[in-house]
Amino acid sequence: MPVALLLALALAAPALAADPAPTVDATWHLEHVFASVDAFQAERDAVVADLPKVAACKGTLGKDAATLLACLDAQSLLQQRMGRLWTYASDHANADVRDDAWRGRRDDVALVNQQYSTATSWFEPELKELGSERVEAMIAAEPGLAPYAWPLRVSLRHAEHILSPAEERILALGGVVLDAPGTTYQTLAYSEIPWPKINLADGTSPVLNQAEYTLLRASPDAAVRKQVYDTFFGTLGGYQDTAGSLLGTQMASHWWVAQARGYASSAEASLDGSLVPRQIYDTLVRETRANLPTLHRYLKLRQRMLGLDQLGYQDLYVPLVNLDKKFPLEEAERTVLTAVAPLGRDYVNNLRAGFAGGWMDVYPTPGKQGGAYMDDAAYGVHPYLLLNYNDDYESMSTLAHEWGHAMHSYSSMKSQPYATSQYATFIAEIASTFNEALLVDMMIAKAKTDDEKLFYLGQALESLRTTYFRQAMFGEFELAMHEKVEKGEPLTGATLTTMYGDMLRDYYGTADGTCTVDPAYAVEWAYIPHFYYNYYVWQYATSIAASSLLAERVERHQPGARDRYLALLASGGSAEPAVLLKAAGVDMTSPEPYRAVATRMNAIMDRIETILAKREKN
């Protein structure tokens with residue numbers, strides 16, 4: 001099927017209405033992907049039956065441009081169909097991780113993906129044999145190859161790391177096995193750990209799972225925070241050895257693939273694969289370390305505002321001031337729509353219709369996966385979002401965050417053919433943190449009292465602490481884990497806890513008394529699923545550094561800033577991510593974006609201290 005027709009079919013998915021009022025729809029409508037389980041199963045079987053069609057292209061790529069196009073179209077169509085299978089099965093499974101039937105369907109789709117990888121494992125070696133000159137001649141001769149031009153060039157850029165067809169087949173066959181540690185961790189963390197009940201002073205006894213931990217760690221009662229941390233990490237610590245074995249094996253799998261492809265390190269393999277210069281990673285770590293005095297200033301200000309004799313690691317999520325305000329979903333939707341108004345009417349209307357369109361599953365339920373995510377694998381349908389909404393400000397901020405992802409994916413789907421619709425992880429977190437920045441800045445501006453203003457200023461600081469400093473620390477920790485494995489050193493649960501604890505104390509200034517860290521909390525690494533994703537999490541830090549600059553320029557109505565940003569959202573994966581971001585106005589190889597984070601934090605703290613000084617004077 002020609003790619004133009006594929007794109008037309010994809011964009012004929014549910015149309016976004018012009019201007020409806022937001023309505024509350026708290027459950028996602030996965031029937032937009034498949035009307036029934038039977039329809040899903042029938043499509044799964046049809047995809048498996050069609051796998052030989054892509055395998056039959058082997059040995060024909062060099063015949064002529066028309067043949068190359070037909071083979072690429074066949075692959076593209078199958079990939080889209082598998083994406084829909086994955087969304088349907090995995091989102092159902094994540095709605096209740098205890099459901100064996102849905103876990104089985106999700107795992108089966110993963111096996112189908114592996115079969116596809118095996119059936120096409122010859123493709124890049126054969127493309128490598130054709131060479132750049134021949135492929136460029138085909139692109140020039142066949143206009144239908146235009147949507148594939150960039151992906152083809154990227155493949156050829158990696159030619160020295162492409163193996164023989166037999167070797168590529170072996171790597172493809174190992175896909176599910178190599179991903180098994182992360183899959184097993186999900187089952188352990190969200191399904192099998194018997195999270196205990198915690199008896200609170202108010203007489204309630206909630207089960208302290210991930211969702212409750214996230215809620216209760218922000219308690220204004222210091223004793224409750226300590227109890228929550230002791231119980232949660234005490235429970236998690238009982239699985240330190242198992243979690244360490246899983247994560248150590250995952251690091252080893254990354255290194256195994258990197259060596260197989262001829263890379264000197266796992267970092268080199270991952271960054272080269274995503275077309276991100278290593279210089280950016282190193283600049284992030286260096287500049288973050290240099291900016292630790294700004295983080296420590298914030299921690300000391302937090303201790304002062306909370307009235308604590310000593311700040312502990314368990315005291316980091318409680319708001320600087322109490323805001324006795326709930327944000328029910330409908331109100332949160334209206335608030336977020338107002339916050340993103342600087343991005344223009346089209347963006348706002350698309351977001352409004354998405355809210356009402358059955359795109360998200362909102363509230364915590366028994367067995368539901370913790371946290372939040374956006375799933376855009378169903379190209380041609382729409383993104384789906386999983387939330388665990390608690391009616392607090394953090395939940396509203398998460399709503400803005402995940403819908404930033406969704407609008408990014410929706411914009412890319414509308415503007416890009418499938419071949420270039422998937423944007424790089426390096427860009428992915430910009431749209432989400434951009435929306436968070438717009439939201440918090442609006443809330444600060446609209447605050448009616450000093451307490452409200454202090455609350456939102458505190459939220460802005462926390463966003464920068466958790467998304468910049470915390471994620472940059474995670475990135476440094478991930479690099480240290482990989483380097484240890486690459487040296488042939490064992491990576492056990494106890495070793496990981498020691499490594500992580502040392503880094504925590506370093507970042508949070510334990511040596512000079514800025515913030516104490518109970519040794520039991522150093523098992524926190526086992527709470528972070530992103531460590532399984534192979535150099536993913538550090539890009540939260542680079543993204544918020546970039547989005548802070550971009551959002552400030554849009555808010556100030558800098559000429560062209562909004563158009564450049566919206567163009568970035570529409571660009572998908574059509575070029576190197578750092579190049580696309582530079583076109584939007586941010587150069588991540590320079591120190592500027594990282595230093596701008598410290599500048600923003602210090603400006604926020606100056607505003608807080610001005611308010612505090614006024615209070616003390618009165």
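The values are calculated or read from the model by the stated rules, or taken from the named source; none is laboratory data. Remember, it's a predicted structure, so these values are computed and weren't measured experimentally. No Cβ is skipped: glycine too gets one built from the backbone with ideal geometry, and neighbour counts run over all protein chains shown. Note: areas computed on protein heavy atoms with side chains; ligands, DNA, RNA excluded. Shrake-Rupley method; radii C 1.70, N 1.55, O 1.52, S 1.80 Å.
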Just wondering, is there one or more residues in region 62-69 that are small (Gly, Ala, Ser), in contact with a Gly (Cβ under 6 Å, 6 or more places away or on another chain), part of a helix (DSSP H, G or I) and touching a residue at least 40 places away in the same chain (Cβ under 8 Å)?
no
Could you tell me how many of the residues in region 478-503 are closer than 21 Å to residue 291 by Cα, surrounded by 21 or more Cβ atoms within 10 Å (Cβ to Cβ) and not charged (D, E, K, R)?
1
Any residue at all in region 359-374 that's modelled with pLDDT of 95 or more and more than 28 Å from residue 465 (Cβ to Cβ)?
yes
Within the bounds of region 275-284, is there any residue that is open to solvent by less than 10 Å² (accessible area, probe 1.4 Å), touching a Gly at 6+ places or on another chain (Cβ under 8 Å) and over 15 Å from residue 514 (Cβ atoms)?
yes
For region 344-392, which residues satisfy the criterion of being part of a strand (DSSP E or B) and either open to solvent by 10 Å² or more (accessible area, probe 1.4 Å) or aromatic (Phe, Trp, Tyr) (or both)?
361, 373, 374, 375, 384
Applying the selection to region 555-589, what residues are open to solvent by less than 30 Å² (accessible area, probe 1.4 Å), closer than 27 Å to residue 473 by Cβ and not hydrophobic (A, V, I, L, M, F, W, C)?
577
Expected single match for in contact (Cβ under 8 Å) with a residue 40 or more places away in the chain, of a type outside the set (Phe, Trp, Tyr) and buried (at least 24 other Cβ atoms within 10 Å of the Cβ) among 432, 395, 415, 411 is 432
Filter region 103-127 down to residues that are within 23 Å of the chain's Cα centre (by Cα) and within 15 Å of residue 34 (Cα to Cα) and give me whichever is most open to solvent (accessible area, probe 1.4 Å).
106
When residues of region 300-336 are limited to those that are of a type in the set (Val, Ile, Thr) and modelled with pLDDT of 95 or more, the one nearest to the chain's Cα centre (by Cα)
336
Working only within region 202-217, note down all residues that are within 21 Å of the chain's Cα centre (by Cα) and open to solvent by 60 Å² or more (accessible area, probe 1.4 Å).
215
Is one or more of the residues making up region 196-210 of a type in the set (A, V, I, L, M, F, W, C) and touching a residue at least 40 places away in the same chain (Cβ under 8 Å)?
no
For region 211-231, what are the residues that are closer than 20 Å to residue 97 by Cα, touching a residue at least 40 places away in the same chain (Cβ under 8 Å) and not polar (S, T, N, Q)?
211
What are the pairs, 6+ residues apart or on separate chains, where a residue within region 587-611 that is under 16 Å from residue 469 (Cβ atoms) and of a type in the set (Ser, Thr, Tyr) has its Cβ under 6 Å from a residue that is open to solvent by less than 30 Å² (accessible area, probe 1.4 Å) and not in a loop (DSSP other than H, G, I, E, B)?
594/287; 594/545
Under the condition of being in contact (Cβ under 8 Å) with a residue 60 or more places away in the chain and within 17 Å of the chain's Cα centre (by Cα), which residue from region 379-392 is nearest to residue 95 (Cα to Cα)?
386
Only residues that are of a type in the set (A, V, I, L, M, F, W, C) and part of a helix (DSSP H, G or I): list them for region 325-343, please.
329, 332, 336, 337, 339, 341, 343
Search region 504-519 for residues being assigned to a helix (DSSP H, G or I) and open to solvent by less than 40 Å² (accessible area, probe 1.4 Å), and hand back the single one that is farthest from residue 298 (Cα to Cα).
504
Selection status of residue 86, aromatic (Phe, Trp, Tyr) and open to solvent by 50 Å² or more (accessible area, probe 1.4 Å):
yes
Residues of region 302-320 satisfying the condition of being among the hydrophobic types (A, V, I, L, M, F, W, C) and open to solvent by 20 Å² or more (accessible area, probe 1.4 Å)
305, 306, 308
Does region 518-534 contain any residue that is aliphatic (A, V, I, L, M), at pLDDT below 95, at negative phi and touching a Phe, Trp or Tyr at 6+ places or on another chain (Cβ under 9 Å)?
yes
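On the basis of being modelled with pLDDT of 90 or more and either closer than 25 Å to residue 372 by Cα or not aliphatic (A, V, I, L, M) (or both), does residue 181 make the cut? Please lay out each step first, then the result.
Values: modelled with pLDDT of 90 or more: yes; either closer than 25 Å to residue 372 by Cα or not aliphatic (A, V, I, L, M) (or both): yes.
When the stated conditions are applied, residue 181 passes them.
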In the set 169, 157, the lone residue that is farther than 19 Å from residue 272 by Cα and open to solvent by 70 Å² or more (accessible area, probe 1.4 Å) is 169
Residue within region 448-465 that is open to solvent by 10 Å² or more (accessible area, probe 1.4 Å), closer than 18 Å to residue 301 by Cβ and touching a Leu at 6+ places or on another chain (Cβ under 6 Å) present:
yes
Please specify each residue of region 261-301 satisfying the condition of being of a type in the set (A, V, I, L, M) and assigned to a loop (DSSP other than H, G, I, E, B).
264, 275, 276
Please give the helices (runs of 4 or more DSSP H) falling wholly within region 186-260 in which 1 or more residues are within 15 Å of residue 314 (Cα to Cα).
210-216, 222-237
State all residues of region 16-55 that are at pLDDT 95 or above and assigned to a loop (DSSP other than H, G, I, E, B); if no residue qualifies, say none.
28, 29, 33, 34, 35, 36
Return the only residue of 522, 541, 526 being open to solvent by less than 40 Å² (accessible area, probe 1.4 Å), touching a Gly at 6+ places or on another chain (Cβ under 8 Å), without any contact (Cβ under 8 Å) to a residue 40 or more places away in the chain and not in a loop (DSSP other than H, G, I, E, B).
522
